[in-house]
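S.K.: Provided herewith is a single structure, encoded as structure tokens, for subsequent inquiry.
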Amino acid sequence: MTNINLLQSPPPKLVDVQKSVFSREALEFVSKLHRTFDFEIEKLYKGRFARNASIQTKNCLDFKISPERSDKTWKVGPIPSRLQNRHLDLGDVSPSNAAHFIEALNSDVQGIQVDFDDGHCPTWRNQLLAYNNINLLVNGKLPGAPPSLSTCPVLMLRPRAWNMIDHDILIEGKEAIGPLVDFGILMYHNAKKLYEANSGPYFYLSKLEGSTEAKLWNDIFVWTQNELNLPYGTIKACVLIENILSTFELEEILYALKDHSLGLNCGIWDYCASIISKFGDRKEFLLPDRNKYVNMDRHFLNSYMRLVVRTCHERGAPATGGMAAAMLKPGCNGSDDELVPYVNELWKKNGTTPNQITRQINTNVTAIDLLTIPQGGVTLQGIKHNVAVTILFIYHWLAGIGHFFYNGNIEDSATAEISRAQIWQWIRFSPPIEDDSNQQVTPNLIEKTATSFAAHARKNLCRSSAERKRLTAAKYMSLEIFYSRNPPEFITSYLNDNHKFRTLHNKELLSNL
């Protein structure tokens, strides 16, 4: 057997779960998956570094010139029957939270974005619970859930993105790759039964930076189908276009996944954060207050959305929108689940067909359309909101929670990414404050804002000494990335690799949480 080591002992009451999830056969499968693709993944990481360095010397991006773009005849593979209607998915559903997961499974929706990425925090305990709850559901043994996969909403499994390393598993002396662990464990235990129920396996792929990364996933799909004796084309995956680089390779991404493609998805905040990440040190890319000046009606985002829809429909693929963050606060006369009937009613009135793939979009989108940032200023309220979301995201992540409720919205790593990126960029260029033209954004102003919010949160959010300590840590970790000369590309990588997070979630310290 391949040399594989689990560095964490089972948490209390999860000894049998760990043995079941990480059985000898499952570990062997994950090891073989790593061994097969380790070299290509290392090339991916090095390619990202090289591409980022190259971007710094370019004035702009442009569309690729490729055979797949020139050939107008090809289409993606057929869409499975259960995926013909994608009117409504529930997002940010971490399967580690059994109550929330079961509530979603009983909802009148077509799909559930089962999240191991943005809305989920990959502590060892969370991973075990999440894998186990998926296994129980697929085998009809999850209490309170529908007994049959065919009567559940379709599971759209979202593994961790390529930036996430699994520090709790060593394979041949190297830390494991987060997305390969998620994909391998989920496929090994559940793929055959999902296939037999005509319900998968289906995936979301997040944070891809172009078609070469899509091609790598396609190779992984083909290899895995062969290993598990599944027919070619069984796995279907939707790529989240949340990186500016991918927008210039939409045709190539669809082609790379051609027989495994489930189209493309738009997501506003990760996408905007990627623009700052790639070009944010140039003043012409200064993004204004996002709550006041940035929405899907703005030309650069509307162009991005129209391009995604046009490209998908030309190739016979579905194009889906991002998550609507607004929700009703649980316990206040309802929950987000109560919005479902109203959204379904809107679809009944306005959507007479399962999908609109046959509707062709006549639009010509240029590189300038995608890269021209809207005009607008910075407001004190925008500063306060971005600082608060960043601190609260880190605070919750340190507690092992990947999303939270704040001011009427669900916040997750996507909103944390754009929040911290904007604060960093505003510090870099020190724009004037709209509310007071005599005042500019300064590090001192950001520090005062963070301190003021932390003081407020200590009184209104923290209930114990441990929570107050965690809030203080979240404040200083936020300031660290706000002030950074070269900030981390992904806030989740920064947190996942952080000593504070890893220490808090060692088994012997779990009681302190």
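S.K.: What percent do you get for the relative contact order of the stretch 380-505 when only Cα pairs under 8 Å and 6+ apart count? Provide the component values of the computation, followed by the final result.
M.R.: Details: 127 pairs, mean separation 40.0, N = 126.
Relative contact order here is 32 percent.
S.K.: Another question, if that's okay. Could you check how many percent of all C-alpha pairs in the stretch 35-99 are farther apart than 16 Å?
M.R.: Details: 1609 of 2080 pairs.
Cα-Cα pairs in the stretch 35-99 separated by more than 16 Å: 77 percent.
S.K.: Taking just the alpha carbons, could you work out the radius of gyration and Dmax for the stretch 184-237, both in angstroms?
M.R.: 11.3, 33
S.K.: Working with all protein chains in place, sort 429, 49, 501 by solvent-accessible area computed with a 1.4 Å probe, largest first. It would help to have the intermediate numbers written out before the result.
M.R.: Details: 429 45, 49 155, 501 10 Å².
Heavy-atom accessible area, descending, gives 49, 429, 501.
S.K.: Spin-label point model (7 Å from Cα, Cβ direction): what's the residue 35 to residue 295 distance in nm?
M.R.: 5.5
S.K.: Would you kindly state how much longer the chain becomes between residue 472 and residue 3 on full extension, computed as 0.36 nm times their sequence separation minus their alpha carbon distance, in nm to one decimal? Show your work: numbers first, answer last.
M.R.: On the way: separation 469, 0.36 × 469 = 168.84 nm, distance 4.00 nm.
In short, 164.8 nm is gained.
S.K.: Just the number please: accessible area per residue for the stretch 380-505, 1.4 Å probe, all protein chains included, in Å².
M.R.: In whole numbers, the stretch 380-505 has 42 Å² accessible per residue.
S.K.: Something else about it: Could you compute the net charge surrounding residue 118? Neighbours are other residues with a C-beta less than 10 Å from the C-beta of residue 118; K and R count +1, D and E count -1. Intermediate values should be presented prior to the final figure.
M.R.: Numbers: positive: 158, 160, 207; negative: 92, 115, 117, 242, 270, 412, 417.
Residues close to residue 118 contribute a combined charge of -4.
S.K.: Can you list the lysines whose alpha carbon is less than 20 Å from that of residue 64, not counting same-chain residues fewer than 8 positions off?
M.R.: 72, 75, 207, 215, 258, 278
S.K.: Sorting check: for 8-15, 149-156, 24-31, which peptide has the highest mean count of neighbouring beta carbons within 10 Å, and how do the rest follow?
M.R.: Values: 8-15: 13.8, 149-156: 20.9, 24-31: 17.2.
Ranking, from highest mean packing down: 149-156, 24-31, 8-15.
S.K.: By how many nm would the segment from residue 45 to residue 99 grow when fully extended, if each residue of separation counts as 0.36 nm and the alpha-carbon distance is taken off? Could you put the intermediate results ahead of the total?
M.R.: Working: separation 54, 0.36 × 54 = 19.44 nm, distance 3.68 nm.
Using 0.36 nm per residue and subtracting the Cα-Cα distance, I get 15.8 nm.
S.K.: On the protein heavy atoms, probe 1.4 angstrom, tell me the percent of accessible surface of the stretch 189-238 carried by carbon and sulfur. Each step should come with its number before you reach the end.
M.R.: On the way: 780 of 1610 Å².
It is 49 percent, rounded to a whole number.
S.K.: Separate question: Counting helices only, and only those DSSP H runs with n ≥ 4, report the 222 nm mean residue ellipticity of the chain as the sum of -39,500 (n - 2.57) divided by its residues, in deg cm²/dmol to the nearest 500. Please report the intermediate quantities before stating the final value.
M.R.: On the way: 20 runs with 246 residues, N = 513.
So the calculated ellipticity at 222 nm is -15000 deg cm²/dmol.
S.K.: Name the lysines eligible as straight-distance cross-link partners of residue 459: C-alpha to C-alpha under 30 Å, and not fewer than 8 places from it in the same chain.
M.R.: 292, 329, 384, 448, 469, 475, 500, 507
S.K.: Can you pull the percent of the stretch 258-307's accessible area that's carbon plus sulfur, 1.4 Å probe, other chains left in place? Before the final figure, lay out each step's value.
M.R.: Values: 800 of 1680 Å².
Carbon-and-sulfur percentage of accessible area, whole number: 48.
S.K.: How large is the direction-averaged shadow of the alpha-carbon convex hull of the stretch 380-505, in nm²?
M.R.: Values: hull surface 30.5 nm².
Taking the Cα atoms of the stretch 380-505, their convex hull projects to 7.6 nm² on average.
S.K.: So, one more: In debye, nearest 20, what is the charge dipole magnitude of the chain about its Cα centre with +1 on Lys and Arg Cβ and -1 on Asp and Glu Cβ, if you could check? Walk me through the numbers before you get to the answer.
M.R.: Details: 55 positive and 54 negative charges, 87 e Å.
Value, rounded to 20: 420 debye.
S.K.: Cα centroids of the stretch 181-202 and the stretch 24-78: how far apart, whole angstrom?
M.R.: 23
S.K.: Kindly provide the pair-distance distribution of the stretch 200-302 built from C-alpha pairs, with 10 Å bins from 0 and whole-percent values in order of increasing distance.
M.R.: Using 10 Å bins, I get a P(r) of 15, 40, 26, 14, 5, 0 for the stretch 200-302.
S.K.: Got a number for carbon plus sulfur as a percent of the stretch 380-505's accessible area, 1.4 Å probe?
M.R.: 50
S.K.: What is the set of long-range amide H partners of residue 238 at a cut-off below 5 Å, with H atoms built 1.01 Å from backbone N?
M.R.: Correct list: 203, 204, 205, 262.
S.K.: Could you compute the FRET efficiency for residue 429 and residue 87, with r as their C-beta to C-beta distance and R0 at 35 Å, rounded to 0.05?
M.R.: 0.25
S.K.: Let me ask another. Provide, in order from the shortest bin, the percent of all Cα-Cα pairs of the stretch 256-319 in each 5 Å bin, continuing until the bin that contains the maximum pair distance.
M.R.: Over the stretch 256-319, the share of Cα pairs per 5 Å bin runs 4, 16, 22, 21, 16, 11, 8, 4, 0 percent.
S.K.: While we're on this one: Nearest 0.05, what FRET efficiency do residue 223 and residue 19 give at R0 = 35 Å with Cβ-Cβ as r? If you can, show how the numbers build up before the last one.
M.R.: On the way: r = 27 Å, r/R0 = 0.76.
Taking R0 as 35 Å, the efficiency between residue 223 and residue 19 is 0.85.
S.K.: By Kyte-Doolittle mean hydropathy of at least -1.0 and Cα axial length of at least 30 Å, which whole DSSP H helices of the chain are selected? All intermediate terms of the calculation are to be shown ahead of the outcome.
M.R.: On the way: long enough: 24-55 (44 Å, -0.52).
In the chain, the long hydrophobic H runs are 24-55.
S.K.: To continue, here is another question. Taking the dipole about the Cα centre of the chain, with the C-beta of Lys and Arg at +1 and of Asp and Glu at -1, give me whichever of 452, 128, 309 is farthest to the positive side.
M.R.: 452
S.K.: Kirkwood Rh and Cα-based Rg: tell me the resulting Rg over Rh for the stretch 1-114, rounded to two decimals. Write down the numbers at each step before the final one.
M.R.: Working: Rg = 21.8 Å, Rh = 20.0 Å.
Rg/Rh: 1.09.
S.K.: Be a star and scan the stretch 147-175 for residues whose amide nitrogen sits under 14 Å from the point 7 Å along the Cα-to-Cβ vector of residue 198.
M.R.: 149-152, 154
S.K.: Continuing with this model, one more query. Quote the FRET efficiency, to the nearest 0.05, computed for residue 436 versus residue 369 with a Förster distance R0 of 22 Å and r equal to the Cβ-Cβ distance.
M.R.: 0.05
S.K.: On to the next question. Which far-off residues, 5 or more places away or on another chain, put their amide H under 5 Å from the one on residue 166, with H placed in the peptide plane?
M.R.: 176, 177, 178
S.K.: Follow-up. How large is Rg/Rh for the chain, to two decimals, with Cα atoms and a Kirkwood Rh? Don't skip to the answer; put the middle values down first.
M.R.: Values: Rg = 22.3 Å, Rh = 23.7 Å.
Radius of gyration over Kirkwood radius for the chain works out to 0.94.
The values are calculated or read from the model by the stated rules, or taken from the named source; none is laboratory data. Given the structure is predicted, the values throughout are model-derived calculations rather than measurements. For neighbour counting, all protein chains shown are included, and Cβ atoms are generated from backbone atoms with ideal geometry for every residue, glycine included. SASA here: full protein model, heavy atoms, side chains in, ligands and nucleic acids out. Shrake-Rupley method; radii C 1.70, N 1.55, O 1.52, S 1.80 Å.
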